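*Asks:* Following this message is one structure expressed as structure tokens.
The values are calculated or read from the model by the stated rules, or taken from the named source; none is laboratory data. As the structure is a prediction and not an experimental result, all values here were calculated from the model. Here the Cβ is made from the backbone with ideal geometry for all residues, glycine too, and neighbour counts use every protein chain on show. The area values use the complete protein model at the heavy-atom level, side chains included, leaving out ligands, DNA and RNA. Shrake-Rupley method; radii C 1.70, N 1.55, O 1.52, S 1.80 Å.
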Amino acid sequence: MSFLFRPTTLTLIPRTHSSALTATTSASLHTGRSTPTILGALPTADSRVGTVALHRVHLVVCNSSSAEWPSRVETMSEPITTLARGCGRLPGRAMVTLSDFAPVRPPSPCSCSCNPTPPTATKVVDNKGKYDRIDVAVFPLGIVAKQLDTKGAEMLLEWLSRDTILPTSWSTDKGSVPFDHAWLELTKNRHIFVCTHGSRDRLCGTHGGALLREVRRVIEERGVGKHVAAWETSHVGGHKYAANAIIYPRGDWYGTWCDRCGKGVDGAAGSGDSVVEDARALVDAALRDVVWWDAWRGATNMSKEDQIQTWMKNTAAENTEMTEEREEEEKAAAWVPPSTLSRRKSS
């Protein structure tokens, strides 16, 4: 299990990027990089690397629960549909998911999960009207748009589409925000989102739920709940890499690949030692503000080529060692022509 610091020029955390996030292209955050090469020329030993779709921001619809999610959450209400349809038109694109993330308390009592609770099974609950107004957290900006209706969702999209420097929770100048909002304290707090969308994919529901429960147990065991929290999220892509997790504010994506850790989809997945180690690794990465390269899929605001290049640069020594070991194995298994074999002398 390897932990390495990501190079400063590639880091998305506010400590090294005090300037606000730009609203143009992903390249604006990654200065000093070489031009991406052809993907075929960048083989990796891990097929998870480079599997994060390019997007600049992640819109999280708050105060939800996996028990409420149908396979496709995009049509649960008009505001959510508006966000989902508008994301593809934003500069650098965006992603929308639902979560039990609860940065602000709803204005009136409701049946939603206002505190982290273990994800339930895949049974979908009817919550008609609940999502007519939604709180939306925008990562990694760290802003929460409060109680958006359809018009408010359009307003948020318009604000995100501006070709200017957008304010962030760590900006000294928050700028003008045209909707009711709150700011998250991302310079001190970390958030781990685990996909538990079982109605979308069985692996995510089974392995994601097991990993989330274990991550929350580790957080409680270590007494670090004031600094890091774990939440469930709907589909983020990459079912076969489940359980999938994202850590903010860095924006690193991880695929723990539980189906390849001796815990099949038909068994009691998540009960073995692997899920315990994965949970500890995720909490460590969040608290230490480092990258867990062993399970890294990529990061927010990075292209596929950039993700692969970044992984290779940061695991160069390990890759070299793996290559040398593979060469030795190939030599040992190589076929030797009979003419070169020593002949046994007849007695």
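*Asks:* What is the local net charge at HIS235, summed over the other residues whose Cβ is closer than 11 Å to its Cβ (Lys, Arg +1; Asp, Glu -1)? Could you put the intermediate results ahead of the total?
*Replies:* Numbers: positive: ARG72, ARG200; negative: GLU74, ASP201.
Around HIS235, the surrounding residues sum to 0.
*Asks:* In Å², and per residue, what accessible area does segment 271-315 have when probed at 1.4 Å with the other protein chains present?
*Replies:* Numbers: 1310 Å² over 45 residues.
Ligands and nucleic acids excluded, the figure is 29 Å² per residue.
*Asks:* Obtain the radius of gyration and the Kirkwood radius of segment 145-260 from its C-alpha atoms and give Rg over Rh. If you can, show how the numbers build up before the last one.
*Replies:* Working: Rg = 16.9 Å, Rh = 16.2 Å.
My calculation of the ratio gives 1.04.
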